[in-house]
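The values are calculated or read from the model by the stated rules, or taken from the named source; none is laboratory data. Computed from a predicted structure; not experimentally measured. Ideal geometry is used to build each Cβ from the backbone, glycine not excepted, and the neighbour counts take in all protein chains shown.
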Amino acid sequence: MFKSPSCFLLLILIVPSLGWSSNTDFGIGRLVTDTEINGWDIDIRYDGLGLPAGSGTAADGEAQYDTYCASCHGVFGEGEGRWPILAGGQGTLTDARPVKTVGSYWPFASTLFDYIRRAMPFTAPMSLSNKQVYDITAYVLYLNDLVEEDFVLNQDNLATIDMPNSNGFFVDDRPDAVNTRCMEACLDVSQVNLVSAISGITPVGHFIANADAPGASHDAQHKIEQQKVAERKAKITGSPVAKAGAITTAPELTETAQAGKSVYETACSTCHNAGLAGAPSMNDPSVWTERLAQGMTVLVEHAINGYIGINGVMPPKGGRMDLTDDQVKYAVQYMFESVQKN
């Protein structure tokens, strides 16, 4: 047994001379292939390095955007609920409440392609083809008046598009702050009082309970938004303010509905829990009365093929084109029974 670090260091120095090398086969795993590396090496640099071959136009991108993006980002990039706004906001970055969008804030156009390809749509990232990503990228740039509708976007010209805020970023040359970690007699965090914040970057509402601003947690903010919706409805109808609360799922669901529960949680809950883009929220029983009266056949048809109503847009299969028709049907059955039994 080694008694000191120096002995262990000596062993490390001796090991190479014993024949171990980076080429030693330990019988564990295998070498990664070029194809596998290429599958992960898809990030795109600010100057366009890494962009795949291909092209797209805003004209072609409109339909793709409506299917995969509009339910969260709005038909015209205006944003739904608290999902990001994509268009507009030019000239607001010095305001107390700046509107940060692709057109007003992003410094490079090439990274828009990179983000869409790797992270969107929210429910099925990396499911779009390069052609679809080029089309959607062109359409988002078009919404911001940065390209014309028939402009052909490709790997050669994407990085050359001049973004309005391209000079708004700089290298932060301030020195790193090194703080000694407190291990005893530390400051009582309950006594800390936030007195100011960087305007437009860190709203004070983040740190104040029940503030009408982004909450300290998603769940807390969701409850605030639910209550605001209930108050607005009461003001319109003249009825008492209903206390916002979640629907509890009845245990006696049919086998079909039980099969659809996991599909709902992974593919549908993002919109239908919060009521995004006019989606009927599972937390608001009042919005389901007329929909339940339509019957399962109509609801399933709308869910599979998509539906545009006065309150919002439902893309085909909620944008999850990887789902089978039966999976969508099961998810609708789960929602139908869960709401009906409460």
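Please go through the range 106-120 and pick out each residue that is buried (at least 19 other Cβ atoms within 10 Å of the Cβ) and either over 16 Å from Ile161 (Cα atoms) or not β-branched (Val, Ile, Thr) (or both).
Those that are buried (at least 19 other Cβ atoms within 10 Å of the Cβ) and either over 16 Å from Ile161 (Cα atoms) or not β-branched (Val, Ile, Thr) (or both): Trp106, Phe108, Ala109, Ser110, Leu112, Phe113, Asp114, Ile116, Arg117, Met120.
Checking the structure you have, find out if any residue of the range 41-61 is free of Cβ contacts under 8 Å to residues at least 40 places away in the same chain and within 30 Å of Lys317 (Cβ to Cβ).
Taking every residue of the range 41-61 in turn, none turns out to be free of Cβ contacts under 8 Å to residues at least 40 places away in the same chain and within 30 Å of Lys317 (Cβ to Cβ).
When you go through (1) outside any loop (DSSP other than H, G, I, E, B); (2) touching a residue at least 60 places away in the same chain (Cβ under 8 Å) one by one for Val147, which number turns out not to apply?
Unmet condition: (1).
Within the range 293-307, how many residues are assigned to a helix (DSSP H, G or I) and small (Gly, Ala, Ser)?
The qualifying residues number 2.
Just to check your reading of the model, which residue among Thr123, Thr94 is surrounded by fewer than 20 Cβ atoms within 10 Å (Cβ to Cβ) and modelled with pLDDT under 90?
Result of the check over Thr123, Thr94: Thr94.
In the range 1-52, which residue that is outside any loop (DSSP other than H, G, I, E, B) and modelled with pLDDT of 55 or more is farthest from the chain's Cα centre (by Cα)?
Among those that are outside any loop (DSSP other than H, G, I, E, B) and modelled with pLDDT of 55 or more, it is Asp34.
What's the total number of residues in the range 305-325 that are without any contact (Cβ under 8 Å) to a residue 60 or more places away in the chain and crowded, with 18+ Cβ neighbours inside 10 Å?
Counting residues in the range 305-325 that are without any contact (Cβ under 8 Å) to a residue 60 or more places away in the chain and crowded, with 18+ Cβ neighbours inside 10 Å gives 1.
crowded, with 17+ Cβ neighbours inside 10 Å, in contact with a Phe, Trp or Tyr (Cβ under 9 Å, 6 or more places away or on another chain) and modelled with pLDDT of 85 or more - does that describe any residue in the range 275-296?
No, there is no match, as no residue in the range 275-296 is crowded, with 17+ Cβ neighbours inside 10 Å, in contact with a Phe, Trp or Tyr (Cβ under 9 Å, 6 or more places away or on another chain) and modelled with pLDDT of 85 or more.
Any residue in the range 153-171 that is touching a residue at least 40 places away in the same chain (Cβ under 8 Å) and surrounded by 12 or more Cβ atoms within 10 Å (Cβ to Cβ) sitting within a Cβ distance under 7 Å of a residue that is of a type in the set (Ser, Thr, Tyr) and assigned to a loop (DSSP other than H, G, I, E, B)? List the pairs, counting only those 6 or more apart or interchain.
Leu153/Thr57; Pro164/Ser104; Asn165/Ser104; Asn165/Tyr105
Taking the stated definitions as given, is Ser55 under 21 Å from Met126 (Cα atoms), at pLDDT 85 or above and crowded, with 19+ Cβ neighbours inside 10 Å?
no
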